[in-house]
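Before anything else, here's the structure in question.
The values are calculated or read from the model by the stated rules, or taken from the named source; none is laboratory data. In this text the structure is predicted, and so the values were computed from the model without any measurement. Neighbour counts are summed over all protein chains in view; Cβ atoms, including those assigned to glycine, are modelled from backbone coordinates with ideal geometry. Surface accessibility is based on the protein's heavy atoms, side chains included, excluding ligands, DNA and RNA. Shrake-Rupley method; radii C 1.70, N 1.55, O 1.52, S 1.80 Å.
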Amino acid sequence: MSIGSRMPNPLPFLPEMAAIAEPLHKVIANGVIPPATVSLLQLRAGQILGSTYFTIRETGNLRGIGESEERITALATWRDATCFTDAERVALELVEAVLTPNPSGERVPDEVYGRASAHYDDKAMWHLVMAIAHIGFFTPAALIAKPIPGMPPGQNYSTHERQEA
């Protein structure tokens, strides 16, 4: 198992990414969805995607805002856990619906949307959508480039040169 990333920091190659990423982070941070809910749904997304980087990052974020170990560890089995609010549950249901293929129909059926919209008004729904989109935007980098788990942004990529075949 490699300790470094597969690829170097993308910013020297794509400096415009900083101008895209910063507003995305701001939208999420300044939204009407509680930070705990955002981190819970992003941690659940990391679990579904199989991204160690996302799961370690969001676990750290949750601990940093004072979330209990019970809630963090129960997230993988949130449907049976009693420590989540109804609004958090529907946010988790929504992220799972978005990220899980459904061979027999829509990923987000009207029933799931209806449960979400019962807890979140239009503004909050858009913030919830953008919190999920934020993870979706960075998923390819997390899964392909494999940033170093637990390292802060800007330090989460190895400095290396790719060997030509």
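Once you sort the root eigenvalues of the Cα gyration tensor of segment 41-98 as a ≥ b ≥ c, which label holds: rounded (a/c under 1.5), prolate (a/b larger than b/c) or oblate (the other case)?
Oblate is the answer for segment 41-98, as a/c is 1.5 or above yet b/c matches or exceeds a/b.
Among the GluC sites (Glu not before Pro) in segment 68-160, which ones are in a DSSP loop with at most 16 other Cβ atoms within 10 Å of the Cβ? Mind listing them?
Details: sites: Glu69, Glu70, Glu88, Glu93, Glu96, Glu106, Glu111; in loops: Glu106.
Here the sparse-neighbourhood loop sites are Glu106.
What is segment 42-152 by shape, rounded, prolate or oblate, if you read a ≥ b ≥ c off the alpha carbon gyration tensor as root eigenvalues and call it rounded for a/c under 1.5, prolate for a/b larger than b/c, and oblate otherwise?
Cα axes put segment 42-152 in the oblate bin.
A further question follows. Which loop-located trypsin sites (Lys or Arg not before Pro) does segment 72-165 contain, where loop means any DSSP state but H, G, I, E or B and the Cβ has at most 15 other Cβ atoms within 10 Å?
Of the trypsin sites (Lys or Arg not before Pro), the ones in loops of segment 72-165 whose Cβ has at most 15 other Cβ atoms within 10 Å are Arg79, Arg107, Arg162.
Here is a follow-up. If we count every other residue with Cβ under 13 angstrom of Arg89's Cβ, Lys/Arg +1 and Asp/Glu -1, where does the sum land?
Combined, the nearby Lys, Arg, Asp and Glu give -1.
Next up: Any chance you could give the angle, 0 to 90 degrees and rounded to 10, that helix 110-119 forms with the longest Cα principal axis of the chain?
80
Shape call for segment 19-58 from the C-alpha gyration tensor, a ≥ b ≥ c root eigenvalues: rounded (a/c under 1.5), prolate (a/b greater than b/c) or oblate? Intermediate values should be presented prior to the final figure.
Details: a/c = 2.89, a/b = 1.44, b/c = 2.01.
Judged from the Cα gyration tensor, segment 19-58 comes out oblate (a/c at least 1.5, b/c at or above a/b).
Let me ask something else. Spelling out what I want: for every residue of segment 49-54, take phi, set θ = phi - 60°, compute 6.51 cos²θ - 1.76 cosθ + 1.60 (Karplus), and round to whole Hz; glycine and proline get x.
Using θ = phi - 60°, the values come out as 6, x, 9, 4, 4, 4 Hz.
State the percentage of accessible surface on the chain attributable to carbon and sulfur atoms; use a 1.4 Å probe and exclude ligands, DNA and RNA. Don't skip to the answer; put the middle values down first.
Values: 5850 of 9890 Å².
Result for the chain: 59 percent of the exposed heavy-atom area is carbon or sulfur.
Let me know the charge dipole size of segment 1-63 about its Cα centre in debye, to the nearest 20, where only the beta-carbon of Lys, Arg (+1) and Asp, Glu (-1) is charged.
With only Lys, Arg, Asp and Glu charged at Cβ, the dipole is about 180 debye.
Still on this structure: So how far apart, in nm, are the two label points at Ser117 and Thr159 if each is 7 Å from Cα heading toward Cβ?
5.2
What distance in nm separates the two pseudo spin-label positions at Ile3 and Thr52, each 7 Å out from Cα along the beta-carbon direction?
Once both label points are built, they end up 1.3 nm from each other.
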